[in-house]
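The values are calculated or read from the model by the stated rules, or taken from the named source; none is laboratory data. Everything numeric in this text was worked out from a predicted model, so none of it was measured. Cβ sites come from the backbone with ideal geometry, for glycine too, and all protein chains shown count toward neighbours.
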Amino acid sequence: MIPLSVPNLKGNELKYVTEAVEAEWVSTGGSFINKFENDIANYLKVEQAVATQSGTAGLHLALNLAEVERGDEVIVPTLTFIATVNPVKYIGAEPIFMDCDETLNMDIDKLEKFCETECYLSDNGLVNKKTNKVIRAVVIVHVFGNMANMEKLMEVATKYNLKVVEDATEALGTYYTSGKYVNKFSGTIGDFGIYSFNGNKIITTGGGGMLVAKDKSLAEKARYLSTQAKDDSLYYIHNEVGYNYRMTNVQAAIGVAQLEKLEEFIHIKKTNYELYKKSIDEIQGLSLLNFNKGTRANYWFYSLLIENDNYGIDMDSLLLNLNENSVQTRPIWGLIHKQSPYLSNQNFEIEKATKYIDNVLNLPCSSNLTREEVLRVTDILKNLKS
């Protein structure tokens, strides 16, 4: 079986974890947590980063710090993993769902249209005409490591007084190579940025996440809240409701080792993407979605677009055929506005997302993937064409 996306643990992971265990610092204290935070901050060129138990925990903290309150609304994409949206509900707010564009990222033109036609600005912020609720923030996802249109988004967010939370959980290492935000990494442009280190991400800690914030004091507040809001750790004084969201030292030890290999992983994934693309371009009815120009993507996931009429096999049949040939693939997530917990929430002109979920499969993309395995996958794709 060629797996979809699995960890690459061939660096100093065992060495650093052993150091953490031998030092008997295995919980939410220890030197590796501080080192991992500092290393990530240095890599991203930000002042500080805050290690969390998961990307979801980081998103929850970010919405809290963005002053999203119960009864508010938050604009989110429908084409994303549900963990992007669930923290909105944790806060007691409600999501409004936006369509995607041809990159699978949120359609910023439609976002702007929604703000212009369906809302009005008040002294309290952007108000939704339909619900009379204030829209406090927008959560933007850099889908599969492909940078969303942050230049346009930040213009819209500034105009309509929206806080921007970047879900960069799939996009660690992606940055602009031109334009207004040249050399700026995904997650460092909006008010908050969140990263994930689940087992399928480009680097992993087994689980875990990281938060960065444009305002240094808010990053410090995130760390405070993530450690149960301790105002006096000796006498256990807590002046706010906090969370048990701190990463463990063992996780961080793995993360330090993984970060050492990140640029190598990106190089491998870019090379494999280009090899896939060269072979797939020869197959009528199939194409790989491009990564945006003007960026250095991290090439996390490879998205295969299937034109049923030209290829002769629909997405579901192709998925089954690939699995039968020991190639693990998966479709895009089910659209969130169609999931049971969110059926009553507002959505706006969702069209492209519906098309893409029926026509896109993700191909194996691990940084362990060999040239021979890529060619095996593309040979199967060629042979299956009817």
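Taking the criterion of being surrounded by 14 or more Cβ atoms within 10 Å (Cβ to Cβ) and closer than 22 Å to SER367 by Cα, would at least one residue in segment 340-349 satisfy it? Scanning segment 340-349, I find no residue that is surrounded by 14 or more Cβ atoms within 10 Å (Cβ to Cβ) and closer than 22 Å to SER367 by Cα, so the answer is no.
Which of the residues that make up segment 39-49 are in a loop (DSSP other than H, G, I, E, B) and surrounded by fewer than 24 Cβ atoms within 10 Å (Cβ to Cβ)?
LYS45, VAL46, GLU47, GLN48
For residues that are of a type in the set (Lys, Arg) and touching a strand residue (DSSP E or B) at 6+ places or on another chain (Cβ under 7 Å), tally how many sit in segment 285-326. Even if it seems obvious, please write down each step before you answer.
Filtering segment 285-326 down to residues of a type in the set (Lys, Arg) leaves 293, 296.
Subset that is touching a strand residue (DSSP E or B) at 6+ places or on another chain (Cβ under 7 Å): 296.
The number of residues fulfilling the criteria is 1.
Of all residues in segment 287-328, those satisfying the criterion of being of a type in the set (Gly, Ala, Ser) and under 26 Å from the mean Cα position of the chain (by Cα) are SER287, GLY294, ALA297, SER303. Pairs meeting the criteria (first residue in segment 363-380 and in contact (Cβ under 8 Å) with a residue 24 or more places away in the chain, second residue part of a strand (DSSP E or B), beta carbons under 6 Å, at least 6 apart or on different chains) are LEU363/TYR302; LEU363/LEU304; PRO364/ILE2; CYS365/TYR302; GLU373/ILE2; VAL377/VAL327.
The set of residues from segment 209-245 being of a type in the set (Val, Ile, Thr) and either under 23 Å from ASN42 (Cβ atoms) or part of a strand (DSSP E or B) (or both) comprises VAL212, THR227, ILE237. State the number of residues belonging to segment 185-205 that are in a strand (DSSP E or B) and surrounded by 24 or more Cβ atoms within 10 Å (Cβ to Cβ). Final tally of qualifying residues: 6.
When you check PHE36 against the structure, is it of a type in the set (Phe, Trp, Tyr), buried (at least 18 other Cβ atoms within 10 Å of the Cβ) and under 17 Å from ILE194 (Cβ atoms), yes or no? Against the criterion (of a type in the set (Phe, Trp, Tyr), buried (at least 18 other Cβ atoms within 10 Å of the Cβ) and under 17 Å from ILE194 (Cβ atoms)), PHE36 qualifies.
When ASN272, ASN310, ASN323 are checked against the criterion of being outside any loop (DSSP other than H, G, I, E, B), crowded, with 19+ Cβ neighbours inside 10 Å, among the polar types (S, T, N, Q) and not assigned by TED's automatic domain parsing to the domain that holds PHE144, ASN272 stands alone in meeting it. Scan segment 163-184 for residues that are closer than 22 Å to ILE75 by Cα, in contact (Cβ under 8 Å) with a residue 40 or more places away in the chain and not in a loop (DSSP other than H, G, I, E, B) and the total you get is 3.
The rows are residues; the columns are (1) touching a Ser or Thr at 6+ places or on another chain (Cβ under 8 Å); (2) among the hydroxyl-bearing types (Ser, Thr, Tyr); (3) buried (at least 24 other Cβ atoms within 10 Å of the Cβ).
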position: ILE135; (1), (2), (3): no, no, yes
position: MET154; (1), (2), (3): no, no, no
position: VAL165; (1), (2), (3): no, no, yes
position: ALA171; (1), (2), (3): yes, no, yes
position: THR174; (1), (2), (3): yes, yes, yes
position: VAL182; (1), (2), (3): no, no, no
position: VAL212; (1), (2), (3): yes, no, yes
position: ASP232; (1), (2), (3): no, no, no
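Against the test of being at pLDDT 95 or above and in contact with an Asp or Glu (Cβ under 9 Å, 6 or more places away or on another chain), the options VAL241, VAL212 yield a single qualifying residue, VAL212.
A single member of ILE96, ILE108, ILE140 is over 18 Å from the mean Cα position of the chain (by Cα), crowded, with 16+ Cβ neighbours inside 10 Å and in the same structural domain as VAL182 (by TED's automatic domain parsing), and it is ILE96. With respect to the conditions (1) in contact with a Gly (Cβ under 9 Å, 6 or more places away or on another chain); (2) outside any loop (DSSP other than H, G, I, E, B); (3) of a type in the set (Gly, Ala, Ser); (4) within 16 Å of SER196 (Cα to Cα), SER5 lacks only one, and its number is (2).
Residues in segment 333-367 that are among the small types (Gly, Ala, Ser) and outside any loop (DSSP other than H, G, I, E, B) were compared, and the one that is farthest from ASN8 (Cα to Cα) is SER340. Between THR329, THR354, THR378, THR370, the distinction of being touching a strand residue (DSSP E or B) at 6+ places or on another chain (Cβ under 6 Å) and either surrounded by 13 or more Cβ atoms within 10 Å (Cβ to Cβ) or not assigned by TED's automatic domain parsing to the domain that holds VAL141 (or both) belongs to THR329 only. In segment 92-119, the residues that are at positive phi form Cβ pairs under 9 Å with partners that are assigned to a helix (DSSP H, G or I) and among the hydrophobic types (A, V, I, L, M, F, W, C), at six or more places apart or across chains, as follows: LEU104/VAL143; LEU104/PHE144; LEU104/ALA353.
Looking at this structure, is LEU153 part of a helix (DSSP H, G or I) and either aliphatic (A, V, I, L, M) or within 22 Å of LEU305 (Cβ to Cβ) (or both)?
Numbers: part of a helix (DSSP H, G or I): yes; either aliphatic (A, V, I, L, M) or within 22 Å of LEU305 (Cβ to Cβ) (or both): yes.
Taking the combined requirement at face value, the residue satisfies it.
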